[in-house]
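Let me begin by presenting the structure, written as structure tokens, before commenting on it.
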Amino acid sequence: CPGILVHWSVSGPSFLETFPVGQTSEGLGMLPFNIDTCGITPHAYSKDYEWITLTLGSSCVYCAELVPFIKNLVSIANDIKIHTNYRYCSHFDMVQVIQHYMEENNHLKLKVISHILTCLDNYKSLIMALSDHNVPCLQYILTVALKQGASIQ
């Protein structure tokens, strides 16, 4: 059996980077077929395939049944969500998710650093007003800080 030709119309760098690699292993969510990527285009073979086919060059019955399954897999791979289980994601998708979380993490770090710098600036202004015995400036600094939600702690 020659298997079936896999028409992988998923946008991305290459077949190997966009194919859901977690499903090729054994266990929950595994694919019912094996992939041969040795040639120019990948071929799928059913795990129950037969060596002999009815006509020369055609797929066996088991491999022919894979066509709708592969089409469904292509549609899922084209519309992958960020919260999808990693077993159903391709290498390319996992890299995209990691980059998204890295950007979110950096944004949160900047937010925290900005808050810390604002607090330090407020403390510096307060200390300067105290050292200069500038009561109107102290009143202004404390009023603004309380309006912004600052507390004694």
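The values are calculated or read from the model by the stated rules, or taken from the named source; none is laboratory data. The shown structure was predicted, so the numbers you read here are calculated from the model rather than taken from an experiment. Ligands, DNA and RNA are stripped out before the accessible areas are found, and what is left, the full protein with its side chains, is counted by its heavy atoms. Shrake-Rupley method; radii C 1.70, N 1.55, O 1.52, S 1.80 Å.
Within a straight-line Cα-Cα reach of under 26 Å, Lys47 can be paired with the following lysines, leaving aside sequence neighbours fewer than 8 residues apart in one chain: Lys71. Annotation: aspartates and glutamates with alpha-carbon distance below 14 angstrom to Lys111 (same-chain offsets under eight excluded): Glu103.
Shown are Tyr140, Tyr123, whose ranking by accessible area with a 1.4 Å probe and every protein chain present, most to least, is Tyr140, Tyr123. With all protein chains kept in place, the per residue accessible area of the stretch 95-143 amounts to 87 square angstrom at a probe of 1.4 angstrom.
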